[in-house]
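Just below is one structure, and these are the notes that go with it.
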Amino acid sequence: MKLLVPVKRVLDYNIKARPKADGSGVELAGLKMSMNPFDEIAMEAAIRLKEAGQATEIVAVSCGPAGNQETLRTALALGADRAILVTCEADVEPLAVAKLLQALVAREQPGLVLCGKQAIDDDANQTGQMLAALLGWAQATFASRIELQGDGAALVTREIDGGLETLSIRLPAVITADLRLNEPRYATLPNIMKAKKKPLDTLAPADLGVDTAPRLALVQVSEPPERQGGLIVPDVAALVDKLKNEAKVI
Ligand code: AMP
């Protein structure tokens with residue numbers, strides 16, 4: 001079974017995001033970019049399925065500017081067999097990514113798409129769900145355990161508000177990875193070297209018949225309001241007075 005793993009290139013999670021001076025977006029110039037952490041987890045899940053003999057090939061996909069090649073090379077160094085870059089100029093919205101992935105699924109015919117549960121830049125948490133809907137496939141989001149069963153089904157444990165939920169889904173399906181699914185490995189130096197020779201194809205959205213024009217207009221990006229400083233009160237009576245007369249429920 002072939003696995004398709006979409007990986008997004010995002011501002012590294014160690015870097016504090018700041019708005020651009022004109023508020024037109026988040027400043028990315030000169031800053032470290034990395035694979036979305038949940039996609040590293042999805043990639044690790046794919047590699048483990050292949051290592052267990054339950055998958056035959058892992059194809060990593062990224063939609064975005066040419067710099068995304070670097071993220072795909074990381075995916076190849078981790079264990080993907082092939083990579084596909086769908087070159088898009090600007091940021092692609094989740095629906096457009098889902099449509100591009102839908103077209104790639106038609107080409108590649110994977111048995112499973114393993115996404116991250118959300119990208120840490122837009123926090124949209126939409127792409128996997130939209131892709132499953134477009135394909136008419138089963139979906140299991142926020143997976144913390146995946147067990148492929150021999151009969152074309154998978155048991156997926158999901159993290160939900162009240163605890164854990166285990167679903168049995170039929171393949172092909174879309175599964176999105178949550179934090180506790182696994183601990184991703186690091187790419188070793190020999191594998192980083194080998195990854196340079198692995199195939200990386202480039203496509204344009206038009207090759208897949210998808211219009212990626214944005215449907216949303218970004219109005220403004222700004223810093224959250226600064227936290228107001230704390231106040232030390234002289235005694236309990238003053239505290240009670242402030243709670244009574246000044247404190248507000250937000
Ligand atoms: P989002 O819906 O934006 O929170 O993203 C959820 C997941 O969809 C990510 O963790 C990735 O697996 C995938 N994804 C989103 N955007 C892209 C992209 N531009 N290229 C490849 N995969 C993406």
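The values are calculated or read from the model by the stated rules, or taken from the named source; none is laboratory data. Here the structure is a predicted model, which is why all the values come from computation and not from measurement. FYI the Cβ positions are ideal-geometry reconstructions off the backbone, even for glycines, and counts take in every protein chain you see.
Within region 179-191, is there a residue that is of a type in the set (Lys, Arg), more than 16 Å from the ligand (Cβ to nearest atom), in contact (Cβ under 8 Å) with a residue 24 or more places away in the chain and farther than 29 Å from LEU28 by Cβ?
no
Can you name the residue in region 38-57 that is of a type outside the set (D, E, K, R) and not in a helix (DSSP H, G or I) and, of all such residues, is surrounded by the most Cβ atoms within 10 Å (Cβ to Cβ)? Don't jump to the end; show me each part of the working.
Within region 38-57, the first condition is being of a type outside the set (D, E, K, R), and the residues that meet it are 38, 41-43, 45-47, 49, 52-56.
Within this subset, residues satisfying the condition of being not in a helix (DSSP H, G or I) are 52-56.
Working: ALA52: 9, GLY53: 7, GLN54: 18, ALA55: 22, THR56: 12.
The extreme case among them is ALA55.
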So ASP122 passes all but one of these: (1) away from the ligand (no atom under 13 Å from the Cβ); (2) at pLDDT below 95. Which condition number does it fail?
(1)
Starting from region 125-144, take each residue that is more than 13 Å from the ligand (Cβ to nearest atom) and list its partners that are among the hydroxyl-bearing types (Ser, Thr, Tyr), counting only C-beta distances under 7 angstrom and pairs at least six apart or across chains.
SER144/THR157
Applying the selection to region 77-102, what residues are within 24 Å of PHE142 (Cα to Cα), more than 13 Å from the ligand (Cβ to nearest atom) and either among the β-branched types (Val, Ile, Thr) or part of a helix (DSSP H, G or I) (or both)?
LEU78
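May I ask you to list the residues in region 20-58 that are charged (D, E, K, R) and within 20 Å of GLY150 (Cβ to Cβ)?
Initial filter on region 20-58 (charged (D, E, K, R)): 20, 22, 27, 32, 39-40, 44, 48, 50-51, 57.
If the condition is that a residue be charged (D, E, K, R) and within 20 Å of GLY150 (Cβ to Cβ), then ARG48, LYS50, GLU51, GLU57 are the ones that fit.
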Scan region 86-99 for residues that are of a type in the set (A, V, I, L, M) and out of contact with any Leu (no Cβ under 6 Å at 6 or more places or on another chain) and jot them down.
ALA90, VAL92, LEU95, ALA96, VAL97
Qualifying positions in region 85-123 - more than 10 Å from the chain's Cα centre (by Cα) and small (Gly, Ala, Ser)
ALA90, ALA96, ALA98, ALA103, ALA106, GLY111
Quick one: in region 1-36, which of the residues that are away from the ligand (no atom under 16 Å from the Cβ) and in a strand (DSSP E or B) is modelled with the highest pLDDT?
LYS2
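One residue is enough: does region 202-213 have a residue meeting the conditions hydrophobic (A, V, I, L, M, F, W, C), on the phi > 0 side of the Ramachandran plot, within 16 Å of the ligand (Cβ to nearest atom) and in contact with a Lys or Arg (Cβ under 9 Å, 6 or more places away or on another chain)? Before you say what the answer is, go through the steps one by one.
Filtering region 202-213 for residues hydrophobic (A, V, I, L, M, F, W, C) gives 203-204, 206, 208, 210, 213.
Filter again for on the phi > 0 side of the Ramachandran plot, leaving none.
Looking through region 202-213, none of the residues is hydrophobic (A, V, I, L, M, F, W, C), on the phi > 0 side of the Ramachandran plot, within 16 Å of the ligand (Cβ to nearest atom) and in contact with a Lys or Arg (Cβ under 9 Å, 6 or more places away or on another chain).
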